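I have placed the structure first, in the form of structure tokens, so that the comments after it can refer back to it.
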Amino acid sequence: MSEATWILTVGFGILLVLGVPIVFAIGISSACALWALHIDIVVLAQTLIAGTQKFPLLAIPGFILAGDLMTAGGISSHLMNVADSLVRHITGGLGMVSVLSSMFFACITGSAPATTAAVGTIMIPEMEKRGYTRRFATSLAVSVGPLGQIIPPSIPFIVWGVIAEVSITRLFLSGVVPGIMDGITYMVVCYFIAKREGISKERRASFREIISAAYNGKWAVFAPVIILGGIYGGVFTPTEASMIGVAYGFVVGMFIYRGIRLSDIFPLFIQSMRTTVVVMFIISMAATFGWLLAYEQVPAKMVNFILSVSGNKIIILLLLNMMLLIIGAVMDNLAAMVILGGLLIHLGQKLGIDPIQLGPIIVINFAVGMETPPLGYSLFVGSSISKLPIEEIARGMWPFFLVDLGMLMLVTFVPWATLALPKLVLG
């Protein structure tokens, strides 16, 4: 390996082990590699800017702001009330409310930490009050958060669409079936755990209560319908949909649910801007790192190495999933996606995998990483809400982790799970 390749691989790994924040580890490695290659350092600035100058990435700040507005405006709590009226009478019903609420909220934010925060803040104390252990309630909130990355609109799908140069709308559709199946299986787990723990059922909601919850929550339920319906119906692009979500969240939050006051607007914009800056800074830094890896032909060499391990496609795909799960547990998923983009595209082409199928494989792997120690963002969010140590939360997540692995195997080895809906809707 060349000196630059050593810096980009071993040097980068050493910085992570030393505890250097990933975005700075990426920047330091990139700058040192440029120096080793005798390339003008101005290339760093050029690639930083070029990494963010792609139109579809405009959807990211839009969906982040839309999610913040809808959470502050009361849309998330109304979604939970609708879900509660439908399933609270079933064994494990309150856990199912968390899952259903997350699935609805995922259709708005596209972010795992945001989904965990929105649902966990309300549901963890409520579940504990009704007899569930705090560990189970927190583990569930952490596990369902990554549904925000699988069910569209999804920020990681937007990033992968830019990297692989494929239709973001098709990628969104490819996540619908896995996301729904994941959510349903989570609800089954909630049923059996609640039955084992002897959690009593809640009173069945009357027809009038269901109608009342649906009526009061109609504006909340319409949010994902408008956003996703507009995208799939060809009315607007994902980027335009994010702005529609912002406008909708503002109007409903301020004038209908009245959860937002005029004085809240500026702090909400600042909060969304901070999140957006972090995300875009990671993407831009990772773009430079990815460019250098491609320059050194590291992706092609790694593909050849992986293919040399075995000629069996099944074994290669299992190795790929194992690698992505490990990387997702120790790296920011967006940075990893940009850095490994070239490698994954090369490997997908060699194996004959459709880029639309490859997208959900990558996104689900990294979604699992969001709930896995040591660096799972959703895990940190859940811990901050419940005040439980990360180790205790992680011990309660095994049933949900096994569900995620099962879904990952389905998406990897059964192409129709991700490709059927895009073909059915878009041809």
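The values are calculated or read from the model by the stated rules, or taken from the named source; none is laboratory data. None of the values given here were measured: they were computed from a predicted structure. Please note: Cβ atoms are built from the backbone with ideal geometry, for glycine as well, and neighbour counts cover all protein chains shown.
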Task: Selection count, segment 201-221, where residues are at pLDDT below 85 and either in contact with a strand residue (DSSP E or B) (Cβ under 6 Å, 6 or more places away or on another chain) or part of a helix (DSSP H, G or I) (or both) - done: 2
TODO: Could you tell me whether SER154 is of a type in the set (S, T, N, Q), modelled with pLDDT of 90 or more and more than 28 Å from GLU392 (Cβ to Cβ)?
DONE: no
Open item on the list: Please verify whether GLY229 is in contact (Cβ under 8 Å) with a residue 40 or more places away in the chain, part of a helix (DSSP H, G or I) and of a type outside the set (Val, Ile, Thr), treating the condition exactly as stated.
Closed with: no
- [ ] Find all pairs meeting these conditions: Cβ atoms under 9 angstrom apart; at least six residues apart or on different chains; first residue within segment 191-206 and touching a residue at least 40 places away in the same chain (Cβ under 8 Å); second residue of a type in the set (Lys, Arg) and crowded, with 17+ Cβ neighbours inside 10 Å.
- [x] LYS201/ARG88; GLU202/ARG88; ARG203/ARG88; ARG204/ARG88; ALA205/ARG88
- [ ] Could you grab me the full set of residues in segment 379-409 that are surrounded by 18 or more Cβ atoms within 10 Å (Cβ to Cβ) and either closer than 30 Å to LEU347 by Cα or touching a Cys at 6+ places or on another chain (Cβ under 6 Å) (or both)?
- [x] PHE400, VAL403, ASP404, MET407, LEU408
Task: Spans of helices (runs of 4 or more DSSP H) in segment 1-113 with at least 2 residues under 22 Å from the mean Cα position of the chain (by Cα) and under 30 Å from ILE326 (Cα atoms) - done: 22-36, 59-73, 93-109
- [ ] Please work out which residue is nearest to ARG395 (Cα to Cα), limiting yourself to segment 96-150 and to residues that are in contact with a Gly (Cβ under 8 Å, 6 or more places away or on another chain) and of a type in the set (Phe, Trp, Tyr).
- [x] PHE136
TODO: Considering every residue within segment 181-196, establish whether at least one is over 14 Å from the mean Cα position of the chain (by Cα), surrounded by 22 or more Cβ atoms within 10 Å (Cβ to Cβ) and more than 30 Å from GLY259 (Cβ to Cβ).
DONE: yes
Task: Check on VAL159, buried (at least 21 other Cβ atoms within 10 Å of the Cβ), assigned to a helix (DSSP H, G or I), in contact with an Asp or Glu (Cβ under 6 Å, 6 or more places away or on another chain) and among the hydrophobic types (A, V, I, L, M, F, W, C) - done: no
